[in-house]
1. Express the carbon and sulfur contribution to the solvent-accessible surface of the range 1-50 as a percent, rounded to the nearest whole number, probe 1.4 angstrom.
2. With the crude spin-label approximation of a point 7 Å out along Cα→Cβ, what separation in nm comes out for residue 161 versus residue 65?
3. Suppose every Lys and Arg Cβ carries +1 and every Asp and Glu Cβ carries -1, with no other charges. What dipole size does the chain come out with about its Cα centre, to the nearest 20 debye?
4. Determine the gain in length on full extension of the stretch residue 14-residue 92; use 0.36 nm per residue of separation and subtract their C-alpha separation, reporting nm with one decimal.
5. Cα convex hull of the range 24-115: mean projected area in nm², to one decimal?
6. Picking from 26, 153, 183, which is most flexible by a Gaussian network model of the chain using Cα springs under 10 Å?
7. In the range 133-202, what is the count of Lys pairs whose alpha carbons are under 15 Å apart, counting only pairs at least 8 residues apart or on separate chains?
8. Counting only protein heavy atoms and using a 1.4 Å probe, what share of the accessible area of the range 52-136 belongs to carbon plus sulfur, as a whole percent?
Amino acid sequence: MVEVCRIMTAIRKKKAEEIGAEIQKNLRELEMASACFEIKIEKNQLGIDGWDDVEFMFNANEGEELMPLSKIASGGELSRVMLALKVVLGNADSIGTFIFDEIDTGISGRAAQKVAEKMLIVAKKHQILCITHLPQIAAMADYNFVIEKIVENDTAKTIILELSPDKVYNEIARLIGGTAITNVTVDAAKEMKILANKLKGE
């Protein structure tokens, strides 16, 4: 039993180094240039899974101490770390649906496009539900919904509506240009959707 545990630990440490490096690479591509990610393995009490404790360690900024991911990551950071994890471990994950909220916190432009492209990789094998305010991510979706709050009979309600293709363009245009929807922003939204469909092979 002890020898089996030693073998398991050796395999875990080797794979942890490889997987950690891949996740780190994906975080760089998600515009988290200063982030650091490691998989920490320490010996603990013997159990049916061996004697290893496995913990994800993370810091978002250069020079900071690595800390347990669950204790220090913000919502947006955690979403992007989870996205990187799913890209690297997607084939081994049996979960059918992933939900990403706040994944666009603190990003825009090139970073938003990178996040959208990574989500596309994961979406090839899993269903993704994502709440976003970024046009790059919204344009990548197969189906778009808008969430609105209304007041009915003095009671606030939240409604979710699926958008038709034309309304998708208008909603993406609103994300691009704010409240004013113009021909320019609608054309930009259509171009963004066309480019997203090309990436999806459509």
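1. 55 percent
2. A separation of 5.2 nm, rounded to one decimal place.
3. In total the dipole reaches around 520 debye.
4. Full extension of this stretch gives 26.4 nm more.
5. That works out to 7.2 nm², a quarter of the Cα hull's surface.
6. 153
7. 4
8. Working: 2360 of 4580 Å².
The nonpolar share, carbon plus sulfur, comes to 52 percent.
The values are calculated or read from the model by the stated rules, or taken from the named source; none is laboratory data. Because the structure is a prediction, the values reported are computed rather than measured. FYI the Cβ positions are ideal-geometry reconstructions off the backbone, even for glycines, and counts take in every protein chain you see. Note: areas computed on protein heavy atoms with side chains; ligands, DNA, RNA excluded. Shrake-Rupley method; radii C 1.70, N 1.55, O 1.52, S 1.80 Å.
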